[in-house]
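Asker: Below is the structure I would like to discuss, written out as structure tokens.
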Amino acid sequence: MAPNGYGSRVEGVHAVAAAIASGRVERLYMERGRRGRVGDLLDGVDDRNVILVDDVRSMADTDAPQGLVAECRPIRPVTLERLASGDAAVLVLDHVEDPHNVGAAARSARAAGLTGMVVSGRRAAPLSAATFKAAAGALETLPVAVVGSIPEALSRLKDGGLWVVGLDPTGDQSLFGLDLLTEPVAVVVGSEGSGLAELTRKRCDLIVSIPMAGTESLNASVSAALASFEIMRVRNRPR
């Protein structure tokens, strides 16, 4: 992950609209046929920075850019210390490799009111155009820390006062109704193939599972969504 930030290329209607609303778009490539349908987007971009083309697909990183490709000022990652402040609720992705899963997880975390997300800068999906497209604008406002080591990041979050809860099918205790979620907390979702890494697991204060009727495993982004909204539910329930 480049130290200068992430999100320098954004594609697709929702992701580009969010980047424009954030004031990050420096140059927008738009297919001529799209101008009438998404013309309202142009209100946030200087006309001199809008370039009309016949087809953006040759310059796009995703398979379906929806006629829009934007070059943007990068978003700077936040520090772990910032994520650990206040009544934190942090989603940690332990080397999730599919950019669509990362984007969908960010979208769920933002919708559920989580205060931030932690991702690895190595052996994980980058915060790419595909990730931003799947996030549908969530990565514009969700604080994200990009770290070199997830286990080390968990130790630092714990030093900052957070409980660390790992999601794994082997957990004896259920995620649902977990009182610990009312405390400053980081919930860790493992990778698509192998789940939580062994060292990551050792840094967790508690391993919990998502109850299921069968033995099938859940997609990483589905697990992240369930965890995010369970934090919101537990924190908003009557006391």
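The values are calculated or read from the model by the stated rules, or taken from the named source; none is laboratory data. From a predicted model like this one, the values you see are computed outputs, not experimental measurements. Every residue, glycine as well, gets a Cβ built from its backbone with ideal geometry; the counts of neighbours run over all protein chains shown. Quick note on the areas: whole protein, heavy atoms, side chains included, nothing else; ligands and nucleic acids left out. Shrake-Rupley method; radii C 1.70, N 1.55, O 1.52, S 1.80 Å.
Asker: Inside segment 196-239, can you point out the residues that are under 22 Å from P99 (Cβ atoms) and surrounded by 21 or more Cβ atoms within 10 Å (Cβ to Cβ)?
Answerer: The answer is L196, T200, A220, S221, S223, A224, A225, A227, S228.
Asker: So, in segment 58-102, exactly how many residues are without any contact (Cβ under 8 Å) to a residue 12 or more places away in the chain and either within 13 Å of the chain's Cα centre (by Cα) or surrounded by 24 or more Cβ atoms within 10 Å (Cβ to Cβ) (or both)?
Answerer: Of the residues in segment 58-102, 0 are without any contact (Cβ under 8 Å) to a residue 12 or more places away in the chain and either within 13 Å of the chain's Cα centre (by Cα) or surrounded by 24 or more Cβ atoms within 10 Å (Cβ to Cβ) (or both).
Residues are listed down the side, and each one gets a yes or a no for (1) closer than 30 Å to A60 by Cα; (2) of a type outside the set (D, E); (3) touching a residue at least 40 places away in the same chain (Cβ under 8 Å):
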{"site": "E152", "(1), (2), (3)": "no, no, no"}
{"site": "G171", "(1), (2), (3)": "no, yes, no"}
{"site": "L181", "(1), (2), (3)": "no, yes, yes"}
{"site": "S191", "(1), (2), (3)": "yes, yes, yes"}
{"site": "S221", "(1), (2), (3)": "yes, yes, yes"}
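Asker: Pairs needed: first member in segment 45-57, within 14 Å of E31 (Cα to Cα); second member anywhere, modelled with pLDDT under 95 and in a loop (DSSP other than H, G, I, E, B); C-beta distance under 8 Å; at least 6 residues apart or different chains.
Answerer: Within 8 Å, the pairs are L52/R35; V56/P65; V56/G67; R57/P65.
Asker: Examine segment 193-208 for a residue that is within 28 Å of E11 (Cβ to Cβ), among the small types (G, A, S), part of a loop (DSSP other than H, G, I, E, B) and modelled with pLDDT under 95, and state whether such a residue exists.
Answerer: There is at least one residue in segment 193-208 that is within 28 Å of E11 (Cβ to Cβ), among the small types (G, A, S), part of a loop (DSSP other than H, G, I, E, B) and modelled with pLDDT under 95.
Asker: Let me ask something else about it. Of the conditions (1) open to solvent by less than 20 Å² (accessible area, probe 1.4 Å); (2) in contact (Cβ under 8 Å) with a residue 60 or more places away in the chain, R156 clears all except one; give me its number.
Answerer: Single failed check for R156: (1).
Asker: Please pick out the residue among V102, V78, V92 that is of a type in the set (A, V, I, L, M, F, W, C) and farther than 27 Å from G44 by Cβ.
Answerer: After ruling out the rest, the residue left standing is V92.
Asker: Within segment 116-136, is even one residue among the β-branched types (V, I, T), open to solvent by 30 Å² or more (accessible area, probe 1.4 Å) and free of Cβ contacts under 8 Å to residues at least 60 places away in the same chain?
Answerer: no
Asker: Let me ask another. When you check G171 against the structure, is it open to solvent by 20 Å² or more (accessible area, probe 1.4 Å), among the small types (G, A, S), more than 30 Å from I51 (Cα to Cα) and not in a helix (DSSP H, G or I), yes or no?
Answerer: No, not satisfied.
Asker: Check A89 against each of (1) under 30 Å from G190 (Cα atoms); (2) touching a Cys at 6+ places or on another chain (Cβ under 9 Å) and name the one condition it does not meet.
Answerer: (2)
Asker: Out of segment 81-118, which residues are among the hydrophobic types (A, V, I, L, M, F, W, C) and farther than 27 Å from L218 by Cβ?
Answerer: Matches in segment 81-118: A84 only.
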